[in-house]
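A short write-up of the structure that comes next.
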């Protein structure tokens, strides 16, 4: 094996960054992490992971830089060796894996098994060499210098990735009991997720709609109080977690918008809820379009009513002097509830 390696080394194109210029760079966010190593005049080797996705490791050729050297990633088999430092001349390179590439200059992917061995080797401060034995042999080396600390930072980033997507957190339903005097632990847990996501991606989240509801009560004031208290507690908790008041739209609707019949205890529990929705640009635009359509329908209804009665008679009570756009918005929001239940909805007690 050593004879093969030395013979190949004498004939091959070799690409490696010197020890003094070797760098491992870490890019990190709450949604993705990347560790990369630039190989001079050739390309970049990297490992990356996004939230809820599989880790990817690959060697990507820099076609602009490589073209100056007439370098390519040939479509062939690649052997992976350890590459002991020059001062360890008696230590033979060790074969640690094999990869294949089916299309020239495509990304060379490292499966999990091979990646694990490569990372273990670099952690031992030993370089890794990729070898392609073609008509024009190729050697590409990964330097271990500065790898350990960068890899530690990368792993720390991965451990802190947000384990849910915007789609999973955008619609939430929090249920409550009549006798509650504060938010339940389960509801706080949902709000913690919302706050975490909002703080991680503040530019995307334009606003939060908080709508409190109650079941039917003998005393209308009790129904209103239940809905308002819960909505206010939700808003206060989000502000406590660092969400700006300017992001929050807080409303309470008493028992005007039930999602179930109030005939049974189980169904009444479904109606005692606070819905919390996140708005990004797309959702806000869709809501604006729906509101505009509802306003148009209300105007048409008002016009039809005016044409059918004497102008001296006041408008119908349900319209009043102004179009009830606020009420129409409530209907629109609750209509969404009825069409599709929240993905993070929990079963009410």
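The values are calculated or read from the model by the stated rules, or taken from the named source; none is laboratory data. In this text, all values refer to a predicted model and were calculated from it rather than measured experimentally. A quick note on method: Cβ atoms are made from the backbone with ideal geometry, for glycine too, and the neighbour counts reach across all protein chains shown.
Can you tell me which residue in segment 120-139 is farthest from residue 37 (Cα to Cα), limited to those that are buried (at least 17 other Cβ atoms within 10 Å of the Cβ) and under 32 Å from the mean Cα position of the chain (by Cα)?
121
Kindly evaluate residue 154 against the criterion of being more than 22 Å from residue 95 (Cα to Cα), buried (at least 17 other Cβ atoms within 10 Å of the Cβ) and not assigned by TED's automatic domain parsing to the domain that holds residue 36.
On the way: more than 22 Å from residue 95 (Cα to Cα): yes; buried (at least 17 other Cβ atoms within 10 Å of the Cβ): yes; not assigned by TED's automatic domain parsing to the domain that holds residue 36: no.
Answer is no for this residue.
Before we move on, is residue 73 assigned to a loop (DSSP other than H, G, I, E, B), more than 21 Å from residue 153 (Cα to Cα) and touching a strand residue (DSSP E or B) at 6+ places or on another chain (Cβ under 8 Å)? Can you show your working first?
On the way: assigned to a loop (DSSP other than H, G, I, E, B): yes; more than 21 Å from residue 153 (Cα to Cα): yes; touching a strand residue (DSSP E or B) at 6+ places or on another chain (Cβ under 8 Å): yes.
The answer is yes for residue 73.
In segment 93-113, which residues are over 16 Å from residue 35 (Cβ atoms) and in a helix (DSSP H, G or I)?
113
Collect the residues in segment 30-43 that are assigned to a strand (DSSP E or B) and surrounded by 17 or more Cβ atoms within 10 Å (Cβ to Cβ), keeping them in residue-number order. Before you say what the answer is, go through the steps one by one.
The first filter runs over segment 30-43 and keeps only residues assigned to a strand (DSSP E or B), leaving 32-39, 43.
Within segment 30-43, 33, 34, 35, 36, 37, 38, 39, 43 meet the criteria.
Kindly evaluate residue 276 against the criterion of being modelled with pLDDT of 80 or more, in a strand (DSSP E or B) and surrounded by 12 or more Cβ atoms within 10 Å (Cβ to Cβ). If you could, list the steps in order and put the result at the bottom.
Details: modelled with pLDDT of 80 or more: yes; in a strand (DSSP E or B): yes; surrounded by 12 or more Cβ atoms within 10 Å (Cβ to Cβ): yes.
When the stated conditions are applied, residue 276 passes them.
Within segment 42-52, is even one residue within 17 Å of residue 142 (Cα to Cα), at pLDDT below 90 and in the same structural domain as residue 130 (by TED's automatic domain parsing)?
As a first pass, look at segment 42-52 and keep what is within 17 Å of residue 142 (Cα to Cα): 42-48.
Remaining after also requiring at pLDDT below 90: none.
Within segment 42-52, none of the residues are within 17 Å of residue 142 (Cα to Cα), at pLDDT below 90 and in the same structural domain as residue 130 (by TED's automatic domain parsing).
For segment 55-73, which positions are in contact with a helix residue (DSSP H, G or I) (Cβ under 9 Å, 6 or more places away or on another chain) and either modelled with pLDDT under 95 or buried (at least 16 other Cβ atoms within 10 Å of the Cβ) (or both)?
Within segment 55-73, 57, 71, 72, 73 meet the criteria.
Can you pull out the residues in segment 250-268 that are exposed (fewer than 14 other Cβ atoms within 10 Å of the Cβ) and closer than 19 Å to residue 174 by Cβ?
Passing the criteria: 265, 266.
Can you tell me which residue is farthest from the chain's Cα centre (by Cα) among those in segment 11-29 that are in contact (Cβ under 8 Å) with a residue 40 or more places away in the chain and part of a strand (DSSP E or B)?
Per the stated criteria, the residue is 13.
Quick one: residue 144 ticks every box in (1) surrounded by fewer than 20 Cβ atoms within 10 Å (Cβ to Cβ); (2) in contact with a helix residue (DSSP H, G or I) (Cβ under 7 Å, 6 or more places away or on another chain); (3) in a loop (DSSP other than H, G, I, E, B) except a single one, so which number is it?
Looking at each condition in turn, residue 144 falls short on (1).
Could you list, ordered by first residue, the pairs with Cβ atoms under 7 Å in which the first is in segment 184-197 and farther than 17 Å from residue 31 by Cβ and the second is modelled with pLDDT of 95 or more and assigned to a helix (DSSP H, G or I), at least 6 apart or interchain?
188/237; 191/234; 191/237; 191/238
Among the residues of segment 166-200, how many are closer than 29 Å to residue 271 by Cβ and surrounded by 14 or more Cβ atoms within 10 Å (Cβ to Cβ)? Quick ask: steps written out before the conclusion?
Step one: list which residues in segment 166-200 are closer than 29 Å to residue 271 by Cβ, which gives 166-198.
Filter once more, keeping what is surrounded by 14 or more Cβ atoms within 10 Å (Cβ to Cβ): 166, 168-176, 180, 183-184, 187-188, 190-191, 193-198.
Here the count works out to 23.
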